[in-house]
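For reference, the structure is listed below as structure tokens.
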Amino acid sequence: MKSRDKQLRRLIRFIGEVKKGNFPNAISFAKMLERESEHQELSLKCSSKTIKRDVEYLKSYYNAPLEYDPTEKGYFLYMPDWNFPEVALSGDELFAELFTRKISENSLLPCLKEHLETGNEVQLTVSDDDSVSSDILGSVICATGSVTQIDENISEKIIEAWKECQTVETSYRKTQRSEAESRKLDIHALFLSEKIWYCRAWCYKREDFRNFSLHKFLKVENTDSYFKRSKKVVEELKKGSFFNYKKLAKVTAVCSPKVADYVSDREWFQNQKSTFTENGELEISFTDVPELAIKSWVSSFNGEVRIIEPLSLRKEIFLAAQKLMKEHS
């Protein structure tokens with residue numbers, strides 16, 4: 001990361017600590033960054049002298065109303081409503097942000113797409129860098145397919161309820177052939193899986209957490225009730241526990257030379273490890289794999305991937321193949 005990028009992140013983080021009322025000073029903030037660097041790939045670790053220069057830069061360049069409180073031994077804002085000004089990005093920073101926005105636009109919920117386009121226009125307008133243009137970004141193609149269609153009004157209400165921790169009354173149809181059901185929900189988290197948007201919500205009818213596909217909501221109404229977001233639910237999703245599928249502790253497979261390169265180029269499941277053999281095959285292993293997902297994965301290669309372990313999975317795939325042959329004989 002370039003030094004200017006690091007400084008900008010430090011400045012934003014410092015103001016964030018000040019606004020939280022933590023009264024950071026050069027020494028305490030430097031120690032905080034050092035502790036965080038042990039758990040983050042992008043380290044902002046620096047000396048207390050650098051933080052002192054950052055504080056002076058905030059005062060002189062951004063006119064930040066920072067004042068040192070000798071009682072608290074740290075800085076505070078004597079104008080509490082002051083906010084870090086919007087930064088006009090340029091060069092590599094601008095390109096990185098707009099490139100990221102471009103490849104993510106197909107996955108966005110409908111109510112956010114207009115805001116994304118506005119943000120792109122603002123950055124292109126305020127920046128003095130002419131090395132990035134709409135034409136260049138237009139040539140970035142994201143070939144991952146589009147997500148399922150979601151009603152814009154419904155997506156807007158879901159986003160609002162999720163952000164504000166607001167209970168919603170909904171009409172939800174689980175399948176095309178089933179009747180719509182009324183569900184009262186607390187939406188704790190949103191996640192995107194296999195090009196489909198889901199929410200993890202507390203269902204008052206089932207008295208448990210459930211996943212709901214956003215495109216299956218027929219109606220969403222925000223209520224006057226509020227809830228507290230569950231940190232446990234969020235952490236489970238961060239670990240990849242999206243669905244309550246049965247998991248296999250370890251799976252080992254061998255891929256034929258025909259598909260070995262293709263398979264090795266991608267990360268299919270968590271904790272993936274792979275090794276090429278002398279005959280050009282690829283031995284690959286995973287841990288804590290959803291059983292249903294690994295079955296589909298093996299089947300998608302039309303016999304070019306064979307399971308080594310567990311034996312129970314080999315047998316199930318064999319029986320599934322026999323059934324497939326029978327249905328197509």
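Here are some notes:
- In terms of its C-alpha gyration tensor, segment 152-238 comes out rounded, because the ratio a/c of the largest to the smallest axis stays below 1.5.
- For segment 3-77, the spread of Cα positions along the three principal axes, ordered from largest to smallest, is 33, 25, 21 Å.
- Directionally averaged projected area (convex hull, Cα atoms, segment 186-329), nm²: 11.9 nm²
- Scattering curve values for segment 206-257, log₁₀ I(q)/I(0), Debye with Cα scatterers, q = 0.14, 0.20, 0.29 Å⁻¹: -0.66, -1.05, -1.27
- Stokes-Einstein diffusion coefficient of segment 247-327, Kirkwood radius over Cα pairs, 37 °C, 0.692 mPa s, in µm²/s: 255 µm²/s
- Lys, Arg +1 and Asp, Glu -1 on Cβ, resulting dipole of segment 187-329 about Cα centre, debye, nearest 20: 680 debye
- Pairwise label distance in nanometres, N222 with N83, each label 7 Å out on the Cα-Cβ vector: 1.8 nm
Quick note: the coordinates plus some simple rules give every number you see, no bench work behind them. Quick caveat: nothing in here was measured; it's all calculated off a predicted structure. All Cβ positions, glycine included, derive from the backbone under ideal geometry; neighbour counts span all protein chains shown.
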